[in-house]
Amino acid sequence: MDVNLEWYRVFYWTTHTGSLSKAAEVLHITQPAVSHTIKQLEAALGGQLFFRTAKGVTLTAEGEVLFRYVEQAFQFMKIGEKAIADMHSLHSGEINIGASDTLCKYYLLPYLEAFHEQFPGVRIRVTNRTTPETIALLKEGKIDFGIVSLPASDKQIDFRESSAIQDCLVGGKSYAHLAGTSLSLEDLHNYPLLLLENGASTRRHLDDFATSEGVTLTPEFELGSIDLLVQFAKRGFGLAFVIGNYVAEELAAGDLIEIPLASPPPARQIGIATLRGVPLSAASKSFLAMLPAPN
């Protein structure tokens, strides 16, 4: 005979209160229903669980053995309920984020700092990958959401726009004489060009833009990060396309010189990528609520 788990709930409260009538009050059922349930449980287990007395009920030896295990089960359930409540109140939990090194450093870091200060019990894990790799991790369920460079598309992913970013052409102090000019994309063939490696969304964006203008960008150096582009440009290795939002200090200090383009690349958006149809945890929802909407 299969045991209905609700019978154990009746057994637990009957033992806990020592009374069929009090158990009925707690469970919001009738006393006969409690009595009937106990009889069903005793029949299923093949032994008497309670002695009936004038003052209520007491456990038999078999009942005491069963109660030890049932009580542990109820305690574990309470612990589980508390853990869920703590997660909803952000006293605990975990967020797994995917983002490139550049987006993590220049976009994500201030929000991570603010969130951690407000909710120190929530663990944050950041996996640094390119936008295509971040999308792959999201589809594999290895991260909760990704911070990516748009445009990007995937049938399984929802993309929400956040802050705008603008690519600009810069050079070191040795290229300061170009600051008053207006170069065409064709003119870039006359100077060593620094670009990100193939596969990065920023590189793809610039290549697509140049192609639309009838130009092919031919880099002298291909580097793995915006930070490296900045360092190489500052040291005079050539002209680099970087995200203007992220080199404001270098431009203000004169370490980098912005070189105007007759046809600048179009602005882009930072995107928040989530897996379509998959609900986010309370911690993830709270973190994403901190991120800015499109400018």
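The values are calculated or read from the model by the stated rules, or taken from the named source; none is laboratory data. Keep in mind the model is a prediction, meaning the values are calculated, not measured. Note that each Cβ is placed from the backbone with ideal geometry, even for glycine, and that neighbours are counted across all protein chains shown. For the accessible areas, the whole protein counts, side chains as well, though only heavy atoms, and no ligand, DNA or RNA atoms are used. Shrake-Rupley method; radii C 1.70, N 1.55, O 1.52, S 1.80 Å.
Structure above, values below:
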quantity	calculated
Pairs, first over 11 Å from G172 (Cα atoms) in region 249-261, second not hydrophobic (A, V, I, L, M, F, W, C), C-beta under 6 Å, six or more apart	P260/S182
Near pairs, Cβ below 6 angstrom, 6+ apart or cross-chain, from region 105-125 (among the small types (G, A, S)) to any residue that is open to solvent by 90 Å² or more (accessible area, probe 1.4 Å)	G121/H91
Which listed residue, of A267, A253, A248, is over 30 Å from E94 (Cβ atoms), surrounded by fewer than 16 Cβ atoms within 10 Å (Cβ to Cβ) and more than 34 Å from the chain's Cα centre (by Cα)	A253
Identity of the residue in region 76-90, assigned to a helix (DSSP H, G or I) and in contact (Cβ under 8 Å) with a residue 60 or more places away in the chain, that ends up surrounded by the most Cβ atoms within 10 Å (Cβ to Cβ)	M87
Cβ-Cβ under 6 Å pairs, at least 6 apart or on other chains, region 276-295 side open to solvent by 40 Å² or more (accessible area, probe 1.4 Å), far side hydrophobic (A, V, I, L, M, F, W, C) and modelled with pLDDT of 90 or more	N295/A164
Enumeration of residues in region 211-233 that are buried (at least 18 other Cβ atoms within 10 Å of the Cβ) and either charged (D, E, K, R) or part of a helix (DSSP H, G or I) (or both)	I226, L229, V230, F232, A233
Unmet requirement for H189, which otherwise passes all of (1) open to solvent by 20 Å² or more (accessible area, probe 1.4 Å); (2) part of a loop (DSSP other than H, G, I, E, B); (3) more than 21 Å from R129 (Cα to Cα)	(2)
Unmet criterion (only one of (1) closer than 19 Å to I157 by Cβ; (2) surrounded by fewer than 16 Cβ atoms within 10 Å (Cβ to Cβ)) for Q118	(1)
Any hit, region 159-180, residues being over 24 Å from P292 (Cβ atoms), open to solvent by less than 40 Å² (accessible area, probe 1.4 Å) and in a loop (DSSP other than H, G, I, E, B)	yes
Residue that is over 30 Å from A85 (Cβ atoms), more than 31 Å from the chain's Cα centre (by Cα) and open to solvent by less than 40 Å² (accessible area, probe 1.4 Å), where the choices are L239, L195	L239
Pairs, first closer than 19 Å to L217 by Cβ in region 174-185, second open to solvent by 40 Å² or more (accessible area, probe 1.4 Å) and not charged (D, E, K, R), C-beta under 6 Å, six or more apart	S182/P260; S182/A262; S184/A262
Counted residues, region 246-258 - those being within 17 Å of I226 (Cβ to Cβ) and assigned to a loop (DSSP other than H, G, I, E, B)	3
Within region 43-75, considering residues that are in contact (Cβ under 8 Å) with a residue 40 or more places away in the chain and among the aromatic types (F, W, Y), the one nearest to Q31 (Cα to Cα)	F67
Members of region 1-21 that are out of contact with any helix residue (DSSP H, G or I) (no Cβ under 7 Å at 6 or more places or on another chain) and aliphatic (A, V, I, L, M)	L5
Odd one out for L137, checked against (1) under 20 Å from G277 (Cα atoms); (2) open to solvent by less than 20 Å² (accessible area, probe 1.4 Å)	(2)
Residue in region 92-104 that is modelled with pLDDT of 90 or more, open to solvent by less than 50 Å² (accessible area, probe 1.4 Å) and assigned to a helix (DSSP H, G or I) present	yes
Selection status of A152, open to solvent by 20 Å² or more (accessible area, probe 1.4 Å), over 12 Å from the mean Cα position of the chain (by Cα) and at pLDDT below 90	yes
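For every residue, the table says whether it meets (1) part of a helix (DSSP H, G or I); (2) under 14 Å from L66 (Cα atoms); (3) charged (D, E, K, R).
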residue	(1), (2), (3)
W7	yes, yes, no
H16	yes, yes, no
E25	yes, no, yes
R52	no, no, yes
